[in-house]
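> The structure's right below; bear with me while I get my questions together.
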Amino acid sequence: MARKEEPLQMRIGEAKQRDVGKKRARIGPEAMDFLRVTPGDIIEVMGSRTSCAVVWPVDEDEKFPDIIRIDGQTRKNVGGSLNDFVKIRKVTSKFAKAVSLTPVNDSVTVDKEFTDFVKNRLKGLPITHGDEISVMILGNSMDFKITKTSPKGVVKIDRSTNLSISTESTVDRKVRVTYEEVGGLRNEVKAMREIVELPLKHPELFTRLGIEPHSGILLYGPPGCGKTLLAKVMASESEANMFSINGPEIMNKYYGETEAKLREIFKEAKDNSPSIIFIDEIDAIAPKREEAYGDVEKRVVAQLLALMDGLTDRGNVIVLGATNRPDSVDPALRRPGRFDREFEISVPNEDGRLEILEIHTRGMPISDDIDLKDLSSELHGYTGADIKSLCREAALKSIRRYLPEIDLETEKIPSEVLQSMQIKLVDFYDAMHE
Ligand code: ADP
């Protein structure tokens, strides 16, 4: 009789940058022995959902033998977050005769070239019905949901798979940004996870312990360093809905109705909890008294404080405020029970810049003459947003090298060119010295 393979319980850990988007699961040698798998084999990973991944060895410096390192998308596919337990067992994948995909939040023009391009990118990856997968197209990621596979179970796409892509897209309101999208800011992310993710995911813990979670957190630092990004990541990884308020906009566009609008957003956030309310440029709503502090501001600040006070009974709505000018924020907002935790989100150092470069060149065809570490040492003073736009510009420069004449707005790029394109160091230098 065949031995029934026992599933193994492991704890989810964050993936390395180089594994993102590759459906890899790094596990240690003991786990491999137990599961009777070797690198390259496929495993089934069961959290609140079930998905699959390719076994990959852990790095030598891995400290935790019970950890399985998977990227944000795989975590989503298996229905688990960092530190959650999942069960794992070996599976065999079948060849996919047919696979249907539906774009998520994007509509596309589907023709044979596009379908072939996507098929090429997905070739060899194990997939299963209900999974979401991303395909990088010129540095932008496009998400698809696997809506059907034939046969059922874990399958692999190859050249002869009949791939069909729906022209209709599904809409998913939940923001989808994972921890692996954030470069640098390791300590900030770690601390924020505890005070944001924990109460949003396990409000019962706080009720049980009789402690009040923080309901407001202030992020401050220069523009483009990742405050908004962090808010999105926190919402996404805590499976919370995100409601955004732009300070100057709510003060001006809704002039006279600002307080009503605030109440409406807070109510919606409560009704759809767990939620994160993100208030960008909060200094516009609650400026310091010396600066333009009229009756309107006073009323709006009072309303905001009242709304925040109303949140403290349960930990499932958290307000994140962001500002480039922390000194311009009304001190009343920074008292206990309000925005009583603060994080400085500053310009990245060299290590941070390297991680950000890795993130924004992910999926780009980078030529061998580029050493990202060397490049990061040359980008002193660049913010995350600067690095992102540098990568994009470099990609555009490379397109211009291949296709000096083409009108990118109207003409289609031939697929041979798309497949053979590479971004070189000279493209980065051209982009830097504009
Ligand atoms: P802020 O809110 O601080 O002004 P954003 O979060 O809006 O900055 O940053 C703009 C974009 O720049 C982000 O969407 C992201 O693509 C990129 N970016 C900024 N900081 C980082 C970072 N630390 N890691 C990766 N990308 C970043």
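Residue-by-condition table, conditions (1) surrounded by 14 or more Cβ atoms within 10 Å (Cβ to Cβ); (2) more than 30 Å from I245 (Cβ to Cβ):
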position: T323; (1), (2): yes, no
position: E344; (1), (2): no, no
position: G352; (1), (2): yes, no
position: T361; (1), (2): yes, yes
position: I366; (1), (2): yes, yes
position: D371; (1), (2): no, yes
position: L379; (1), (2): yes, yes
position: D386; (1), (2): yes, no
position: C391; (1), (2): yes, no
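> Do the conditions hold for G216, that is, is it of a type outside the set (A, V, I, L, M) and crowded, with 17+ Cβ neighbours inside 10 Å?
When the stated conditions are applied, G216 passes them.
> Please state which one of K63, K22, K76 is closer than 17 Å to I127 by Cα and assigned to a loop (DSSP other than H, G, I, E, B).
K22
> Sticking with this one: If we scan the range 97-117, do we find a residue that is touching an Asp or Glu at 6+ places or on another chain (Cβ under 8 Å), surrounded by 14 or more Cβ atoms within 10 Å (Cβ to Cβ) and small (G, A, S)?
no
> Residue check, D283 against (1) part of a loop (DSSP other than H, G, I, E, B); (2) touching a strand residue (DSSP E or B) at 6+ places or on another chain (Cβ under 8 Å), all met but one. Which one?
(1)
> Here is a follow-up. List, please: which pairs have Cβ atoms under 9 Å, are six or more places apart or on different chains, and start with a residue in the range 208-221 that is more than 13 Å from V317 (Cβ to Cβ) and end with one that is within 16 Å of the ligand (Cβ to nearest atom) and among the acidic types (D, E)?
Here the result reads L218/E342; L219/E188; L219/E342; L219/E344; Y220/E342; Y220/E344; G221/E344, each pair linking the range 208-221 to a residue that is within 16 Å of the ligand (Cβ to nearest atom) and among the acidic types (D, E).
> Hey, another quick one. May I ask you to verify whether E358 is in contact with a strand residue (DSSP E or B) (Cβ under 8 Å, 6 or more places away or on another chain), in a helix (DSSP H, G or I) and farther than 16 Å from F278 by Cβ? Give the derivation first.
Working: in contact with a strand residue (DSSP E or B) (Cβ under 8 Å, 6 or more places away or on another chain): no; in a helix (DSSP H, G or I): yes; farther than 16 Å from F278 by Cβ: yes.
So E358 does not fit the description; no.
> Just to be sure, is V175 within 16 Å of the ligand (Cβ to nearest atom), modelled with pLDDT of 80 or more and not polar (S, T, N, Q)?
no
> If we scan the range 198-218, do we find a residue that is within 16 Å of the ligand (Cβ to nearest atom), in contact with an Asp or Glu (Cβ under 8 Å, 6 or more places away or on another chain) and aliphatic (A, V, I, L, M)?
The answer is yes; a qualifying residue exists.
> Listed residues E358, E344, E350; which is of a type in the set (D, E), within 16 Å of the ligand (Cβ to nearest atom) and touching a Phe, Trp or Tyr at 6+ places or on another chain (Cβ under 9 Å)?
Only one candidate passes the filter, namely E344.
> Mind checking which residues of the range 319-341 are more than 11 Å from the ligand (Cβ to nearest atom), of a type in the set (A, V, I, L, M) and at pLDDT 90 or above? Spell out the reasoning first.
Taking the range 319-341 and keeping what is more than 11 Å from the ligand (Cβ to nearest atom), we get 319, 321, 325-341.
Cutting the leftovers down to of a type in the set (A, V, I, L, M) gives us 319, 329, 332-333.
Matches in the range 319-341: V319 only.
> Sticking with this one: Counting only residues that are under 16 Å from the mean Cα position of the chain (by Cα), within 16 Å of the ligand (Cβ to nearest atom) and not in a loop (DSSP other than H, G, I, E, B), how many does the range 219-253 have?
Here the count works out to 12.
> Hey, any hits in the range 121-137 for a residue that's polar (S, T, N, Q) and exposed (fewer than 14 other Cβ atoms within 10 Å of the Cβ)?
no
> Could you list, in sequence order, all residues of the range 361-392 that are within 14 Å of the ligand (Cβ to nearest atom) and not in a loop (DSSP other than H, G, I, E, B)?
Hits for the range 361-392 are L372, S376, G384, A385, D386, I387, K388, S389, L390, C391, R392.
The values are calculated or read from the model by the stated rules, or taken from the named source; none is laboratory data. This one's a predicted model, so the numbers in the text were calculated from it and none came from an experiment. Glycine gets a Cβ as well: all are built from the backbone with ideal geometry, and neighbour counts include every protein chain shown.
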